[in-house]
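For reference, the structure discussed in these notes is given below.
Where a number appears in this text, it was derived from the coordinates with a stated rule and is not lab data. All values derive from a computational prediction rather than experimental measurement. Because the Cβ atoms are built from the backbone with ideal geometry, glycine has one as well, and the counts that use them run over all protein chains shown.
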Ligand SMILES: [Zn+2]
């Protein structure tokens, strides 16, 4: 074995504080939450995995194809998406040999040092597959063969892993145009695993979404509704929400570029809808329409009880070359500064005081945590703070989140952790990371005399389990 392909094991004290006294407290807290069931109320796993329960095809398809964190890092260092087998929009040639793709990934594994992907991937290799070497070019084939042999066994099928990961509930994300066939198949199968859908209407409420007009036509068809009027359009969306709810959905998700909300009169909204549905929307119209739709969705949530998630602040598809060749979600999204105080005011003026409404806010703009989000969630009964997300879903991001929001919003205005992942195998690693970082934060409060030890145990349990269960109505 060469120097780079070394034996590897995860440090059992990883992510705990370095000083022995606080570390001991953190370890004690973590031991009580480490094995709690996983609630994954927001993510992007493919429900078909659990509907069909077929073996994952191979290590490259499992670890590399769905993971945009992997794509972006490798691309930044000169690996072209074609070389990773990412399908081209034009159907042009890409690498199809999974072993070659895996070798490319393994040979570049050092690029992930210091990133959360390194910990997630190492966790999956060692804890899930029992491969106890540090991945490198030299042991790429050995790792591939080891993982491929595991994947051929029944205990590595999606449903078996779901049970082994101790997942109590996992939510995927579907558009209103989805017929939810995989979710229905899961329900009908009698399998006890709980896989929910979340209602993600961006494709039919954002006039700038690719194919928006075609999407409206598809919505008219799937909802069997007349979309020629504003009222008809809203009724179609309400109908799709009811359908999602009937299949087990408890939440909606809104990935708008900004947190902009509006509260137009019915006449103004109808006129705006008319411009939008005829394809004549300006950029300002599109932003106003999305803004109005956030408020409409909040109103519908008051009626049907679906929990609302707002995920603003990503400049999607920043790289036009990648978007043109490979489409969306290929690791080319970049965070932008995000305003909440002014942007959400029209929505909060109407619904912010509703205790029966839950709106969970996310951000990619850390400056908003202490300046805007913690004060907003620490006041409005309808608001909660989502966990640090995407670029902030990392040990440092999670630590900074607790440090910047807790003093203003407390713990109860947060909603526990969600992994927001497309990479199923990373789920245990991500939840474990969050539990460790939260316990480390609580340990510091105890060590500094800011929290009693028994309270810290209670909060650790809340953060790992109870808050997510309550906020997402799981
Ligand atoms: Zn998401």
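What to note about this one:
- The distance between label points at residue 90 and residue 453 comes to 6.7 nm (points 7 Å beyond Cα on the Cα→Cβ vector).
- Stretching residue 99 away from residue 371 to a fully extended chain increases their span by 93.1 nm, per 0.36 nm per residue minus the current alpha-carbon distance.
- Note on residue 164/residue 137: beta-carbon distance plugged into 1/(1 + (r/R0)^6) with R0 of 22 Å gives a FRET efficiency of 0.15.
- Separation between Cα centres of the stretch 259-333 and the stretch 355-405, rounded to whole Å: 21 Å
- Secondary structure note: in the chain, about 15% of the DSSP beta bridges are antiparallel.
- One chain, two ends: residue 302 and residue 329. Fully extended at 0.36 nm per residue, the span grows by 6.6 nm beyond their Cα-Cα distance.
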